[in-house]
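The structure under discussion appears below in the form of structure tokens.
The values are calculated or read from the model by the stated rules, or taken from the named source; none is laboratory data. Note that the coordinates shown come from a computational prediction; the quantities given were computed from them, not determined experimentally. Cβ atoms come from the backbone with ideal geometry, glycine included; neighbour counts cover every protein chain shown.
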Amino acid sequence: MKAAPFAYVRPGTIDDTVAELGRDGAKVLAGGQSLVPVLAMRMGRPATLVDINAVPELNTLSRRNGSIRVGATVRQRRVQNDDLSALVPLLRLALPWIGHREIRSRGTVCGSIAHADPSAELPAVASCLDATLVLTSARGRREVPASEFFTGAMSTVIEPDELLTETLFPVAADDEGFGFGEFARRHGDFALAGVAARVRSGGSTVEARITCFGIADHAVTVDISAQLNNALEQLGPSPTESELRRALAQHADDIAADVVDTGGDAHASAAYRRQLIAAILAREVSRAYLKSRSTSEVSPS
Ligand SMILES: Cc1cc2nc3c(=O)[nH]c(=O)nc-3n(C[C@H](O)[C@H](O)[C@H](O)COP(=O)(O)OP(=O)(O)OC[C@H]3O[C@@H](n4cnc5c(N)ncnc54)[C@H](O)[C@@H]3O)c2cc1C
């Protein structure tokens with residue numbers, strides 16, 4: 001099938017871009033890795049594609065005020081290979097799981113977040129870190145925390161006339177550790193289920209949150225500090241990874257039962273996805289905890 005006819009514009013500034021987005025039926029074209037298949041299958045028929053790739057300000061990757069700022073046309077592979085992404089370890093852990101190198105060479109970080117596929121890695125990373133999404137339109141600019149950004153399958157709070165100009169990922173603290181794991185049938189496929197984990201161990205109690213994806217209409221974030229502290233009370237503060245995994249396994253089934261909200265599909269049943277989430281979360285939270293301890297111990301501060 002071929003795409004339905006559409007007009008094509010390629011503005012050179014953010015102002016001109018948002019002016020174009022203010023017209024009926026306009027749609028942003030970033031890397032095209034999700035939009036072009038949608039057009040080809042005629043699942044979408046925008047009147048105008050607004051190609052944002054000629055806007056220089058959108059192609060910036062920088063560090064400012066405790067965040068890594070990823071502009072709208074920055075490719076996933078650029079972030080993966082840039083030294084700055086070492087400051088956001090969860091992003092580095094997640095990026096290699098997205099499709100294949102060729103997809104990551106064209107696909108943008110912001111495009112994946114705007115597309116909001118429930119099985120995609122980057123919306124889960126943004127949710128786990130509570131990244132900030134910066135939206136710009138002719139009406140002005142607003143910042144939305146990831147916790148308020150995703151509203152359902154492929155849907156977000158972005159209005160038709162708004163552009164996601166950049167995503168701000170917080171730089172990791174010295175006492176934080178991260179884990180990321182997923183299961184897909186073949187390398188490069190979207191995940192059947194996956195977990196991003198963030199643990200902070202510097203305070204009097206350990207803080208832990210996970211974001212599960214591929215299991216509901218959007219990624220689901222849960223605070224599991226109580227369960228991790230409970231496991232650590234049994235084991236002491238310096239367990240091995242396998243000891244901690246076993247202790248967390250006692251809680252993992254209950255957490256998985258709560259987060260998996262799907263009747264299943266052609267790829268996997270709900271029960272199988274619960275098993276995947278339980279196994280991945282026990283492993284990744286254990287890894288994140290051990291990393292949080294080792295990074296805070298070697299920290300120069
Ligand atoms: C074979 C294949 C395998 C893939 N595997 C995976 C995978 O395993 N995991 C995964 O997460 N993704 C996967 N993808 C999708 C890929 O990551 C896409 O690049 C990404 O989802 C969209 O980014 P894009 O820059 O290509 O956006 P586009 O395709 O250009 O746009 C996608 C949607 O977001 C909107 N949009 C884009 N940028 C903005 C913006 N700045 N502001 C407002 N709206 C915007 C567009 O209007 C469109 O609706 C795969 C794609 C292919 C083709």
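Is it true that Ala146 is within 13 Å of the ligand (Cβ to nearest atom) and outside the structural domain of Leu29 (by TED's automatic domain parsing)?
no
Residue check, Ala173 against (1) within 12 Å of the ligand (Cβ to nearest atom); (2) assigned to a loop (DSSP other than H, G, I, E, B), all met but one. Which one?
(1)
Restricting to segment 105-161, what's the tally of residues that are of a type in the set (S, T, N, Q) and touching a Lys or Arg at 6+ places or on another chain (Cβ under 7 Å)?
Of the residues in segment 105-161, 2 are of a type in the set (S, T, N, Q) and touching a Lys or Arg at 6+ places or on another chain (Cβ under 7 Å).
Across segment 12-42, what is the number of residues that are hydrophobic (A, V, I, L, M, F, W, C), more than 21 Å from Arg106 (Cα to Cα) and either within 6 Å of the ligand (Cβ to nearest atom) or surrounded by fewer than 18 Cβ atoms within 10 Å (Cβ to Cβ) (or both)?
Selection size over segment 12-42: 1.
Return the pair list, or none, for Cβ contacts closer than 9 Å from residues in segment 184-203 that are without any contact (Cβ under 8 Å) to a residue 60 or more places away in the chain and assigned to a loop (DSSP other than H, G, I, E, B) to residues that are charged (D, E, K, R) and surrounded by fewer than 24 Cβ atoms within 10 Å (Cβ to Cβ), at least 6 apart or on different chains.
Gly203/Asp175
From the list Leu84, Leu95, which residue is in the same structural domain as Arg141 (by TED's automatic domain parsing), closer than 26 Å to Ile215 by Cα and either out of contact with any Cys (no Cβ under 8 Å at 6 or more places or on another chain) or not in a helix (DSSP H, G or I) (or both)?
Testing whether each residue is in the same structural domain as Arg141 (by TED's automatic domain parsing), closer than 26 Å to Ile215 by Cα and either out of contact with any Cys (no Cβ under 8 Å at 6 or more places or on another chain) or not in a helix (DSSP H, G or I) (or both) leaves just Leu95.
Step by step: first the residues of segment 43-66, then only those that are in a strand (DSSP E or B) and touching a residue at least 40 places away in the same chain (Cβ under 8 Å), then the one that is surrounded by the fewest Cβ atoms within 10 Å (Cβ to Cβ). Which residue is that?
The extreme case among them is Arg63.
Looking at segment 51-80, which of the residues that are touching a Lys or Arg at 6+ places or on another chain (Cβ under 7 Å) and among the aliphatic types (A, V, I, L, M) is nearest to Asp161 (Cα to Cα)?
Ala54
When you scan segment 58-80, do you find a residue that is modelled with pLDDT under 95 and more than 17 Å from the chain's Cα centre (by Cα), even just one?
Our first condition is that a residue be modelled with pLDDT under 95; within segment 58-80, this holds for 64-65.
Subset that is more than 17 Å from the chain's Cα centre (by Cα): 64-65.
Looking for residues that are modelled with pLDDT under 95 and more than 17 Å from the chain's Cα centre (by Cα), one finds at least one in segment 58-80, hence yes.
Which ones in segment 16-38 are more than 20 Å from the chain's Cα centre (by Cα) and either hydroxyl-bearing (Ser, Thr, Tyr) or closer than 19 Å to Ser119 by Cα (or both)?
Selection gives Thr17, Val36, Pro37, Val38.
Name the residues in segment 250-266 that are touching a residue at least 12 places away in the same chain (Cβ under 8 Å) and in contact with a helix residue (DSSP H, G or I) (Cβ under 9 Å, 6 or more places away or on another chain), would you?
Selection gives Gln250, His251, Ala252, Asp253, Ile255, Ala256, Ala257, Val259, Val260, Asp261, Thr262.
So, in segment 211-238, of the ones that are of a type in the set (Gly, Ala, Ser) and loosely packed, with under 13 Cβ neighbours inside 10 Å, which residue ends up farthest from the chain's Cα centre (by Cα)? Spell out how you get there, then give the answer.
Initially, segment 211-238 is screened for residues of a type in the set (Gly, Ala, Ser), giving 214, 216, 219, 225-226, 231, 236, 238.
From the residues that got through so far, the ones that are loosely packed, with under 13 Cβ neighbours inside 10 Å too are 226, 236, 238.
Values: Ala226: 24, Gly236: 32, Ser238: 30 Å.
My answer is Gly236.
Condition test on Glu102, is it in contact (Cβ under 8 Å) with a residue 24 or more places away in the chain, within 13 Å of the ligand (Cβ to nearest atom) and charged (D, E, K, R)?
Working: in contact (Cβ under 8 Å) with a residue 24 or more places away in the chain: no; within 13 Å of the ligand (Cβ to nearest atom): yes; charged (D, E, K, R): yes.
No.
Identify the residue in segment 105-121 that is near the ligand (Cβ under 6 Å from one of its atoms) and not charged (D, E, K, R) and, among all such residues, is surrounded by the most Cβ atoms within 10 Å (Cβ to Cβ).
It comes out as Thr108.
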